[in-house]
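Accompanying notes for the structure given below.
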Amino acid sequence: MRTFEYKAVDDKGHISEGFITAETEEDAKRELYSQDLIPLYIREKETSKKRKWAFSLSRPPSQKEVLIVYESLYTLLGVGVPMDRALRICSQVISNSVLKRVVEDILKDVQTGSSLSDALSKYPKFFQRLHVNMVKAGEATGALPQTLERISNHLRRNLELRETLISSLTYPAFLAATGIISVGILIIFVVPRFYQIFDSMDITPPFPLPQLYLLGSFVSDYWPFIFLGCLAAAIIAKRWISRQENTRRIYKVSMNAPILGQIVIKIESAKLSRNLGTLIENGVPILKAVSIVKEMFTNPFYRDALETTYRLLREGKKLSYILSSYSAIWHPMVIGLCEVGEESGTLGEMLVKAADSLEKDIETSLTRYVSIVEPVVILAMGLIIGVIIVSMINAIFSVNEIVR
């Protein structure tokens, strides 16, 4: 059994919170419904504690916290709670002070006659343009609760993919950092002690102890200059990268790299499919959907391709035909399912399915590549540390031989 923390509202609008024990989150929700409570959010106890600590800091809200707004709204609106009351309850649920004030301002706008989409559009840093347009389409079709649920699912899936990417890179980076720190400690603090023994005995130490000693002495004596040099190099590199022509070079190299290139194409193709498909499913016209999705891409090659796509769509060309002309940067899965969707009239659904397939493929590929990188990093760090330790052991043996 697992313990969940929850916040729920009863039929009178009173907020209640506490803990509930259940096998799964769905079981916990069913238990709350049986108590005539509408769950606003449910989180495992450990995660909730971390979130409470994070919320205690005055900082801009994360997308995870924005997700709570969408989840609360679609839950409340789905059971018939009026918009203004739903927003009021939502503001009570939110712990982040910045987001709480934003939702309170949105409530004031709605009470004065503004639509939810117009109120959300005033805060583009928190509510993405893509989601605002989906809300506007949901308001026009009278399916706002269903639209908010789709936004929640869309945002949750994007967050899951981003967390997968970050977690896949975290462990190898941690191993490399640990290895570098270990090597630094050895050459700065340990090697000099061995070298001083040889120096006091007027004996030439064996290779590579003198070289390691010189390296450690250089780092120890000039570390402020090394730090400033690295900082200056980082600033220069950042300015160099900020230039448009250099940015294009970097993206071109990454897209042409043997393994990285395929991952980049899958990630960018999944981004197009997920966002474009979600917009089309929610009734946003394809031209407007393409113009919105284009702004989400930082890769200049994809932005250029989508600008051309927008122009050709206005001329009456099919989306699948346009994407196929850029087959070097779009994954075949997207092109194929796009063509099927156009033929069957289910373009949005097919694009979302393409995104689901690509995201699973990305997770599998990252897991496979990380499983290869981890032993390589461990082996490399082990070899470097091993060379240092063997050199010190060799030095000890050489001293013993001289003493004899």
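Computed quantities for the displayed model
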item: Answer residue from region 276-295, given it is in a helix (DSSP H, G or I) and among the charged types (D, E, K, R) and is surrounded by the fewest Cβ atoms within 10 Å (Cβ to Cβ) among those; result: Lys288
item: Among residues of region 186-221, those that are modelled with pLDDT under 85, loosely packed, with under 13 Cβ neighbours inside 10 Å and part of a helix (DSSP H, G or I), counted; result: 3
item: Selection status of Thr298, under 28 Å from Ile250 (Cα atoms) and part of a helix (DSSP H, G or I); result: no
item: Qualifying residue in region 308-322 (condition: on the phi < 0 side of the Ramachandran plot, in contact (Cβ under 8 Å) with a residue 12 or more places away in the chain and in contact with a Phe, Trp or Tyr (Cβ under 6 Å, 6 or more places away or on another chain)); result: no
item: Boolean, Ser72 is small (Gly, Ala, Ser) and touching a strand residue (DSSP E or B) at 6+ places or on another chain (Cβ under 6 Å); result: yes
item: Unique residue being closer than 27 Å to Ile188 by Cβ, modelled with pLDDT of 85 or more and either surrounded by 11 or more Cβ atoms within 10 Å (Cβ to Cβ) or polar (S, T, N, Q) (or both) when the list is Ile384, Ile335, Ile362; result: Ile384
item: Region 240-258, residues that are free of Cβ contacts under 8 Å to residues at least 24 places away in the same chain and surrounded by 10 or more Cβ atoms within 10 Å (Cβ to Cβ); result: Trp240, Ile241, Arg243, Asn246, Arg249, Ile250, Val253, Ser254, Asn256, Ala257
item: Selection from region 103-123 of residues that are more than 17 Å from Ile68 (Cα to Cα) and under 25 Å from the mean Cα position of the chain (by Cα); result: Ser121, Lys122
item: Pairs with Cβ under 6 Å, 6+ apart, first in region 370-382 and in the same structural domain as Thr170 (by TED's automatic domain parsing), second of a type outside the set (Gly, Ala, Ser) and part of a helix (DSSP H, G or I); result: Val373/Pro172; Glu374/Pro172; Val377/Pro172; Val377/Leu175
item: Residue that is modelled with the lowest pLDDT, among those in region 222-276 that are among the hydroxyl-bearing types (Ser, Thr, Tyr) and either under 22 Å from the mean Cα position of the chain (by Cα) or not assigned by TED's automatic domain parsing to the domain that holds Ser365 (or both); result: Ser242
item: Subset of region 325-346 (residues that are under 29 Å from the mean Cα position of the chain (by Cα), among the small types (Gly, Ala, Ser) and either closer than 17 Å to Pro285 by Cα or not in a helix (DSSP H, G or I) (or both)); result: Ser327, Ala328, Gly341
item: Unmet requirement for Tyr41, which otherwise passes all of (1) at pLDDT 75 or above; (2) within 30 Å of the chain's Cα centre (by Cα); (3) surrounded by 11 or more Cβ atoms within 10 Å (Cβ to Cβ); result: (1)
item: Residue match in region 246-259 (condition: assigned to a helix (DSSP H, G or I) and aromatic (Phe, Trp, Tyr)); result: yes
item: Region 72-110, residues that are in a helix (DSSP H, G or I) and of a type in the set (S, T, N, Q); result: Ser72, Thr75, Ser91, Gln92, Ser97
item: Restricting region 65-95 to residues that are within 25 Å of the chain's Cα centre (by Cα) and charged (D, E, K, R), the residue that is surrounded by the most Cβ atoms within 10 Å (Cβ to Cβ); result: Glu71
item: Residue identified as in contact with a Phe, Trp or Tyr (Cβ under 7 Å, 6 or more places away or on another chain), among the β-branched types (Val, Ile, Thr) and either surrounded by 15 or more Cβ atoms within 10 Å (Cβ to Cβ) or modelled with pLDDT of 90 or more (or both) among Val132, Val183, Val110, Val102; result: Val102
item: Subset of region 13-24 (residues that are outside any strand (DSSP E or B) and either touching a Ser or Thr at 6+ places or on another chain (Cβ under 6 Å) or surrounded by 15 or more Cβ atoms within 10 Å (Cβ to Cβ) (or both)); result: none
item: Residue match in region 300-307 (condition: buried (at least 17 other Cβ atoms within 10 Å of the Cβ), closer than 22 Å to Asn256 by Cα, aliphatic (A, V, I, L, M) and modelled with pLDDT of 90 or more); result: yes
item: Matching option when the condition is touching a helix residue (DSSP H, G or I) at 6+ places or on another chain (Cβ under 7 Å), farther than 22 Å from Glu160 by Cβ and either outside the structural domain of Ile187 (by TED's automatic domain parsing) or in contact (Cβ under 8 Å) with a residue 60 or more places away in the chain (or both), among Leu347, Leu358; result: Leu347
item: Only listed residue being over 30 Å from Leu319 (Cβ atoms) and among the polar types (S, T, N, Q), chosen from Ser273, Ser200, Ser254; result: Ser200
item: Given (1) more than 20 Å from Ala270 (Cα to Cα); (2) buried (at least 17 other Cβ atoms within 10 Å of the Cβ), index of the condition Gly341 fails; result: (1)
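The values are calculated or read from the model by the stated rules, or taken from the named source; none is laboratory data. Keep in mind the model is a prediction, meaning the values are calculated, not measured. Note: ideal-geometry Cβ built from the backbone for every residue, glycine included; neighbour counts use all protein chains shown.
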